[in-house]
Amino acid sequence: MKTSRGYVAWLAVSGLVCVAITIFAASAYVTLDMSQARPALRGPVHYGLLVAHIFTGTVAVLAGVSQFWPGLRARHPRVHRVMGRVYFAAVLPSSVLGAVCAQLSLFGLASSGPLTVLSVLWFVSAVYGLKTARRRQFGEHRIWMIRGFALTGAAVTGRLWGLALGALVPDGDGLLIFATANWLSFVVNLLVAEWWIQSRGYTRTLPSVALRPSISSRSAQSSESMA
């Protein structure tokens, strides 16, 4: 499929935005100063888990952006595979850590609910992305990678939704805005990802799966051969 200049430009801009926001968000944790943490914490253990989640998530964003660059897989397949392994090595622990940190939230289900759902979906997408790659089912692998990176990008879009909702409802309840932004961060991303998958025709290019013959059909074939 031919890649247009508009697509390349859009990919470059969106990729730079993702990387910039991710690095900015992670910068507060580089010094390992617990007082700089944005969410309220239960203690040093909670902070350590959060830092591990953030830094593995940052690696996932950086590695994931590279996977969508046109021509990388065709011109540099080894680099594509290496960055893919880095992506999975970051997503799998980061999603588990995200689920754990969600349970430690001091703000109850409003905070932990969307973050837990996001973490579980993120983990599942990575498992299926890795499994389809190992089975060389590259059509399905591409679809799961699009879904997976849509979830990876929730770290970026969640902050954008938070800023937008805060500007629209300046006197609104902070926890409600936070929870709403977290839900929108990955639900909208997934809807856009599914639209992209369908509009690009990725599902139509998947190979059809041959069904195994049923018992009755095998019996009929056996009877015909005996006759």
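Regarding Gly84, is this residue closer than 18 Å to Tyr128 by Cα and either open to solvent by less than 60 Å² (accessible area, probe 1.4 Å) or at pLDDT 90 or above (or both)? Judged against the criteria, Gly84 is a match. Determine, yes or no, whether Arg212 is in a helix (DSSP H, G or I), open to solvent by 90 Å² or more (accessible area, probe 1.4 Å) and either modelled with pLDDT under 50 or under 29 Å from Arg135 (Cα atoms) (or both). When the stated conditions are applied, Arg212 does not pass them.
The single condition among (1) modelled with pLDDT of 95 or more; (2) among the hydrophobic types (A, V, I, L, M, F, W, C); (3) under 21 Å from the mean Cα position of the chain (by Cα) that Val45 does not meet is (3). The residues of segment 18-36 that are surrounded by 13 or more Cβ atoms within 10 Å (Cβ to Cβ) and assigned to a helix (DSSP H, G or I), listed by number, are Cys18, Val19, Ile21, Thr22, Ile23, Ala25, Ala26, Met34.
In the set Ala74, Ala89, Ala63, only one residue is hydrophobic (A, V, I, L, M, F, W, C), open to solvent by 50 Å² or more (accessible area, probe 1.4 Å), assigned to a helix (DSSP H, G or I) and closer than 18 Å to Leu11 by Cα; that residue is Ala74. Within the option set Leu160, Leu176, Leu190, being assigned to a helix (DSSP H, G or I), loosely packed, with under 14 Cβ neighbours inside 10 Å, of a type outside the set (Phe, Trp, Tyr) and touching a residue at least 24 places away in the same chain (Cβ under 8 Å) holds for one residue only, Leu176. Being over 20 Å from Thr157 (Cα atoms) and assigned to a helix (DSSP H, G or I) is the filter here, so list the residues in segment 97-123 that pass it. If the condition is that a residue be over 20 Å from Thr157 (Cα atoms) and assigned to a helix (DSSP H, G or I), then Val100, Gln103, Leu109 are the ones that fit. When every residue of segment 132-152 is checked against the conditions, none turns out to be modelled with pLDDT of 95 or more, open to solvent by less than 70 Å² (accessible area, probe 1.4 Å) and touching a Lys or Arg at 6+ places or on another chain (Cβ under 8 Å). Residues of segment 55-82 that are hydrophobic (A, V, I, L, M, F, W, C) and touching a Leu at 6+ places or on another chain (Cβ under 8 Å): Phe68, Trp69, Val79. Just one of the listed residues (Arg136, Arg159) is basic (Lys, Arg) and on the phi > 0 side of the Ramachandran plot, namely Arg136. Selection over segment 72-87 of residues that are under 16 Å from Phe138 (Cα atoms) and either in contact (Cβ under 8 Å) with a residue 40 or more places away in the chain or under 14 Å from the mean Cα position of the chain (by Cα) (or both) gives a count of 1.
The values are calculated or read from the model by the stated rules, or taken from the named source; none is laboratory data. Since the model is a prediction, treat every value here as computed from it, not as a measurement. Backbone-built Cβ (ideal geometry, glycine too); neighbour counts: all protein chains shown. What goes into the accessible areas is simple: the full protein's heavy atoms, side chains included, and nothing from ligands, DNA or RNA. Shrake-Rupley method; radii C 1.70, N 1.55, O 1.52, S 1.80 Å.
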